[in-house]
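Participant: Supplied in structure tokens, the structure appears directly below.
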Amino acid sequence: MNLKNFFYIISMSILLTFLTGCPGNQSQLIDYDGNKSSSYYLSQADESSGNVKTNWQLLAIQALIKENKVSQAKVLLSQISSDLNDEQQNEKLLLQGEIAVKLKKPFNIKQLTTDGLTNSQLYRYYSIKLSLDEKSKDINGQAHDYIELEKYTPGKQKNQILNNTWKFFNKLSTKKINTILVYEDEITLQGWINLVDAYKSDNIELKTDEDDTPEIIAEKVQKQSQLLKQAIKDWLLQYPDHPAKNIISVLTGEQALNVDDANAKKVALLLPLTGSSRLFGDTIRQGYFDAIKFFPREPQQNVVLLDTTSADMDALIRQAKEQNVELIVGPLLKDEVINIKQLAPSLPVLALNKVDNTSATSNKMCYFALSPEDEAQDAADHIYAQNKVKPLLLVPQNDLGQRVAQSFAKKWSELSSNGSQAYVQYFGNKSTLSSGMNRNAGIKLTGTPILNNYIEDESGNFDAVYIYASYDELTLIKPMIDMAAGRSVGNSSSLMIYTSSKSHVANASDDFNYDMNHTEYAEIPMIVNSSDQMLEIIPNNIKKNYSLLRLYAMGIDAWRLANRFNQMNSYQTDFLNGMTGKLSTTDQCEVTRALSWQQYIHALSQSNSEE
């Protein structure tokens, strides 16, 4: 070999080494950073090619799913190169599973094997499997999923998984627990079952009286806790290394479940207590102060009550600071929420309404409201999950109706990847509807696309109708739909009718229940799952008025969210099983609600909820 050839070989070796190390030629997946947005990953993909581009695209899809941009994630996933290595193929299957779970669609998880998956991928794998087993109500599968999921859960989420695991086992009846297969070496699983047995054997149901003060309730809780401590102490001696040892203080009542601090938090509650909005503010206040009666294991709060009609927002914030509060809960009215957002106080805020401008603030702000727009988005989720493809909305011809329609359509477009659209038909006020009824006018099921101004659709092939109306309006609308069709509409699989909670009242007439046969309606869990013990606590002026009861439930949930405010962030799914629904968070820490869906069966209503 001459000297020239020698240097040529050395030079080529160095060059090949350099090229192999270049980012553009890497095939190994990059670690996902949850702090980065989908826009960041998409921009990286645009600047890359080959395997690296595919890696960035896979990360972008993961971020899109987290941001609830499921339709966009599904489209991008369909564009991924088919030339994938094993690691990329596993990631693609995981993403397909996560999208299926989000859309409440079936997914064959047997396509995936756990061999070769990283710990973070194993966590996602068992999260998918748990969701699928929950949907199929496979108790044995769920029990084993929770055990595996705990092994791979990131440290900061460990306690949340343990709490969820405990809630799963604790709610099971003895009959259901007996369906769980436990093998000899499954010590952790057996430990959970034995812990539930010890807890239920020694836990006496706490009973409170309407006139019980917080001090009396706390004393009753303390006595009850003593009954549990010895039984759980004996369990811990048998299972000293069990992961549940980290939540023992929760089970004994020494620390509240998933709250920021066991000590009382000082909170300023800002509500309108005089003027035209007094009834709303006072009802929420009652729920907030009664919350500890429903959840006596959670810590008390030191609440400073401030009337938003008594002073301007600047002065109220100063009062809160002077009294050294840690958190502001409220205000309630939209203009006041806009105002406090603009003022950006140094104190964190849990606002009880939402604003259109969701730009970030220097202080931490979260938003919790009983908004019709949120309910419309939940309806879109529910209707899509029932495999409907062409929904029609009947909403009032006003600003509220337009907002409801836009919210439903936006959510529907995120869910649907086949170009399916939501349509709308606007109706007039009650007087206009009555006039139409007297003229035997009827309401034909036609509409125009909400997001695109196409011509009116006369095909009549809608398979779902969502009606946002009051009780009085609905008593006219449903018969008018039947009148136009010449038959009772909405009692078949080809066309279902869905209504909002606005039209669900406590004193509905028999005629109404008959007309609404098989119609599904949304409602808050507090109304759906009410018990005699619960009704004893609720004030008499509220329990028979569902509109007020929803505000009362909002007060309870606001109290519980305040106890967990430090843990609240954007994009948290099923953060809390609340009285107003299953609470999750979206962008800018906005709280959304998944409601319970029920179905009228003649004069009775029967639950369709999976809660």
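The values are calculated or read from the model by the stated rules, or taken from the named source; none is laboratory data. None of these values were measured; they are calculated from a predicted model. Here the Cβ is made from the backbone with ideal geometry for all residues, glycine too, and neighbour counts use every protein chain on show. Keep in mind that these areas ignore ligands, DNA and RNA; they rest on the heavy atoms of the full protein, side chains included. Shrake-Rupley method; radii C 1.70, N 1.55, O 1.52, S 1.80 Å.
Participant: Given a 1.4 Å probe and every protein chain left where it sits, what share in percent of the accessible area of the chain is carbon and sulfur? Write down the numbers at each step before the final one.
Facilitator: On the way: 14200 of 29590 Å².
Taking all protein chains in place, the chain shows 48 percent carbon and sulfur surface.
Participant: Report, to one decimal in Å, the Kirkwood hydrodynamic radius for the stretch 38-136 based on all distinct Cα pairs. Walk me through the numbers on the way to the answer.
Facilitator: On the way: mean 1/r = 0.0727 Å⁻¹.
By the Kirkwood definition, the hydrodynamic radius is 13.8 Å.
Participant: Only helical DSSP H runs with n ≥ 4 go in: add -39500 (n - 2.57) per run for the chain, normalise by residue count and round the 222 nm mean residue ellipticity to 500 deg cm²/dmol.
Facilitator: The helix contribution divided over the chain gives -15000 deg cm²/dmol.
Participant: Give the lysines whose C-alpha is closer than 20 Å to that of K233, dropping any in the same chain fewer than 8 places away, or say none.
Facilitator: Here the lysines satisfying the reach criterion relative to K233 are K167, K200, K223, K245.
Participant: Once you have the Cα-Cα distance between N302 and N438, take 0.36 nm times their residue separation minus that, and quote the gain in nm to one decimal.
Facilitator: Going from the current span to full extension adds 43.3 nm.
Participant: Filter the cross-link list K156/K293; K293/K321; K110/K582; K74/K110; K135/K388; K105/K176 down to pairs whose alpha-carbon distance in this structure exceeds 22 Å.
Facilitator: Values: K156/K293 30 Å; K293/K321 28 Å; K110/K582 29 Å; K74/K110 20 Å; K135/K388 18 Å; K105/K176 26 Å.
In this structure, K156/K293; K293/K321; K110/K582; K105/K176 lie more than 22 Å apart at Cα.
Participant: Another question about this same structure. Taking 25 Å as R0, compute the FRET efficiency from the Cβ-Cβ separation of A315 and A360 and round it to 0.05.
Facilitator: 0.45
Participant: Below 8 Å between Cα atoms, with a sequence gap of 6+, how large is the relative contact order for the chain in percent? Could the numbers behind the result be given before it?
Facilitator: Numbers: 930 pairs, mean separation 62.6, N = 611.
Relative contact order, the chain: 10 percent.
Participant: How much accessible area per residue does the stretch 38-136 have, in Å², with a 1.4 Å probe?
Facilitator: 47
Participant: Here's a follow-up. Would you mind checking K104/K137; K69/K341; K36/K151; K92/K129; K411/K502 for any pair whose Cα atoms are more than 22 angstrom apart?
Facilitator: Over 22 Å apart, Cα to Cα: K69/K341; K36/K151.
Participant: With r as the distance between the Cβ atoms of A344 and K137 and R0 = 60 Å, compute the FRET efficiency 1/(1 + (r/R0)^6) and round to 0.05.
Facilitator: About 0.80, to the nearest 0.05.
Participant: How far is it, in nm, from the label point at Q111 to the one at S49 when both lie 7 Å from their Cα along the line to the Cβ?
Facilitator: 3.0
Participant: If you place +1 on the Cβ of every Lys and Arg, -1 on the Cβ of every Asp and Glu, and leave all else neutral, what size is the dipole of the chain about its Cα centre, to the nearest 20 Debye?
Facilitator: Its charge dipole is roughly 540 debye.
Participant: Would you kindly state how much longer the chain becomes between E184 and S570 on full extension, computed as 0.36 nm times their sequence separation minus their alpha carbon distance, in nm to one decimal?
Facilitator: Residue separation times 0.36 nm, minus the Cα-Cα distance, leaves 134.8 nm.
Participant: Also, quick follow-up: With each label point set 7 Å from Cα along the Cα-Cβ vector, what nm distance links S493 and N513?
Facilitator: About 2.8 nm, to one decimal.
Participant: Just in the stretch 522-577: which trypsin sites (Lys or Arg not before Pro) are loop by DSSP and have at most 14 other Cβ atoms within 10 Å?
Facilitator: Of the trypsin sites (Lys or Arg not before Pro), the ones in loops of the stretch 522-577 whose Cβ has at most 14 other Cβ atoms within 10 Å are K544.
Participant: Follow-up. What FRET efficiency would be calculated for the residue pair A264, S81, taking the C-beta separation as r and a Förster radius of 45 Å, to the nearest 0.05?
Facilitator: The calculated FRET efficiency here is 0.20.
Participant: What is the gain in length, in nm to one decimal, between S530 and Q406 on full extension, counting 0.36 nm per residue of separation less the C-alpha to C-alpha distance? The partial results should precede the final answer.
Facilitator: On the way: separation 124, 0.36 × 124 = 44.64 nm, distance 3.24 nm.
The span from S530 to Q406 would gain 41.4 nm if fully extended.
Participant: Which entry is the computed Kirkwood radius over Cα pairs in Å for this structure: (i) 27.3; (ii) 32.4; (iii) 25.5?
Facilitator: For Kirkwood radius over Cα pairs in Å, the calculated option is (i).
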